[in-house]
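Written below as structure tokens is the structure these notes are about.
Readers should treat all values here as calculations from the given coordinates under stated rules, not as data from a laboratory. Quick caveat, the model's predicted, so the values are computed rather than measured. Neighbour counts run over all protein chains shown; Cβ positions are idealised from the backbone, glycine included.
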Amino acid sequence: MYETMVMARHYEERLQEEYLEGKQPAFDISAGPIPGELHLAAGHEASGVGVCHHLRAEDTVTAPHRPHHIAIAKGVDLKAMTAEIFGRETGLSGGKGGHMHLFDPDVNFACSGIIAEGCPPAVGAGLAAKKRNTDSVAVAFLGEGAIDQGAFLESLNLASVQNLPVVFVIEDNDWAISMPKERVTDVTNGAQRAAGFDLPGTRVDADDVIAISDAATDAIGRARDGNGPSLLEVQVHRRMGHFMGDAEGYRPDADRDAATRRDSIERLETKLRANDIDDETLDELRSRARERVDDAIEWAKEQPEPEPSAAYEDVFSSPPSEDPERAPSVADTGGED
Ligand SMILES: Cc1ncc(C[n+]2csc(CCOP(=O)(O)OP(=O)(O)O)c2C)c(N)n1
Ligand SMILES: [Mg+2]
């Protein structure tokens, strides 16, 4: 878990450097090696790693717009994911999806820029697992800013009434863009939402990967054993802006400083040392993690950009103009079919 957390943090720090290249002085969002928006998840590592650590490739994970730590922990192909973020042809989606639209069918991972959008597909994956009689589970991650979305609440209901193997994980980082949590909801503990659907709900108050992993053991074990869904809320921290380029003028310095001080990786390191893991072992884990990230980024930057002529490929599953079944249409011919 330590190695994966270091990998996820180093990934975000390296992407930040790459992203800012060429975007200054007036912050041109389309410039540089990573054009478009970028939401980094430094400070969220304990959640993705503590939960996904219990999952297998055949289990499904859906993530929101801040997905990298979860994707890394789920075992998404790091090189293909990085190429996707850099908009390259060999990316997971041919470089057309970007960092909020990472899909890796080999490990059943998907994410979306639409908040709470991952909840219904996770319920669908849970239903599929149940119908196929497997013990696979599905996990939907969402932010605390999405807990009033209909998609989330309807998904809780459907998962509950159908007794599906789904775990919902709320990552509470106290902020939804520039909106502090207390201005959005009076519910300080998002896990209480579970009570309205007669589900177990647990909140882990600190971004402590061991505590999160323990809570996930129960929730995922329960789903795997056919005992239905549950809801987990975990406290994490946003160490960076909402998106890269966010000057965070709305955020009190004390809040940002506190997020930086509460470092889940240092917390785990302290626990590991207390359990007699020596410096040499920690150094080795850190170097291995960083090397994998650096290799993936170097590789991705050497990949070709997609041909402009490929812009419409894979966009429609069945383009009307190319589908003999659908052209010409009934309306055009006046036929009666
Ligand atoms: C349905 C929908 N509404 C609004 C947005 C715009 N939006 C993007 S991120 C965000 C806030 C998300 O906050 P939270 O869920 O707490 O996640 P965090 O960014 O803190 O990780 C909003 C409102 C969106 N992407 N989708
Ligand atoms: Mg949030």
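With all pairs of different C-alpha atoms in the average, the Kirkwood value for the hydrodynamic radius of region 9-125 is 14.5 Å.
A Stokes-Einstein calculation at 25 °C with viscosity 0.890 mPa s, built on the Kirkwood radius of region 199-305 over Cα pairs, returns a diffusion coefficient of 140 µm²/s. Say a paramagnetic label sat at a point 7 Å from the Cα of SER287, along Cα to Cβ; which residues of region 5-39 have their backbone N under 20 Å from it? Counting only backbone N, you get 5-11. The alpha carbon convex hull volume per residue for region 5-58 rounds to 98 Å³. From the largest down, the chain spans 77, 52, 39 angstrom on the principal axes of its Cα atoms. Taking region 2-333 as the region of interest, the number of lysine pairs whose Cα atoms are within less than 26 Å, with members eight or more places apart or on different chains, is 11. How high is the FRET efficiency from ASN189 to SER30, r the C-beta distance, R0 35 Å, rounded to 0.05? With R0 = 35 Å, the Cβ-Cβ based efficiency is 0.30. Only one residue of ALA223, HIS242, PRO252 has its Cα farthest out toward the positive end of the dipole of region 217-265, where Lys and Arg carry +1 and Asp and Glu -1 on Cβ, and that residue is ALA223.
Simple point charges give the picture: +1 on the Cβ of Lys and Arg, -1 on the Cβ of Asp and Glu, and for region 131-223 a dipole about the Cα centre of about 460 debye. Only alpha carbons enter this Debye calculation for region 183-256, each as an equal point scatterer, and the log10 of I(q)/I(0) it gives at q = 0.21 Å⁻¹ is -0.98.
Distance between the 7 Å Cα→Cβ label points at VAL315 and ALA206: 5.1 nm.
DSSP loop (so not H, G, I, E, B), at most 16 other Cβ within 10 Å: list which chymotrypsin sites (Phe, Trp or Tyr not before Pro) in region 18-111 pass both filters. Listed in order of number, the matching sites are PHE27.
Net length available on complete extension from GLN162 to ASP198 is 11.7 nm, with 0.36 nm assigned per residue and the Cα-Cα distance removed. Net charge dipole, the chain: roughly 800 debye, given to the nearest 20, about the Cα centre with Cβ charges of +1 for Lys and Arg and -1 for Asp and Glu. Overall, the ratio between the Cα radius of gyration of region 120-195 and 2.2 N^0.38 Å, rounded to two decimals, is 1.20. Sorting HIS44, HIS101, HIS10, HIS237 by the number of Cβ atoms found within 10 Å of their own Cβ, with the fewest placed first, yields HIS101, HIS10, HIS237, HIS44.
Computed on region 242-305, the Cα convex hull volume stands at 112 Å³ per residue. What fraction of the Cα pairs in region 60-120, stated in percent, has a spacing above 12 angstrom? I get 59 percent for the Cα pairs in region 60-120 exceeding 12 Å. Per residue of the chain, the DSSP helices (runs of n ≥ 4 H) give a summed -39500 (n - 2.57) that works out to -12000 deg cm²/dmol at 222 nm. Inter-label distance, ALA247 to ALA128: 4.5 nm, where each label sits 7 Å from its Cα along the C-beta direction.
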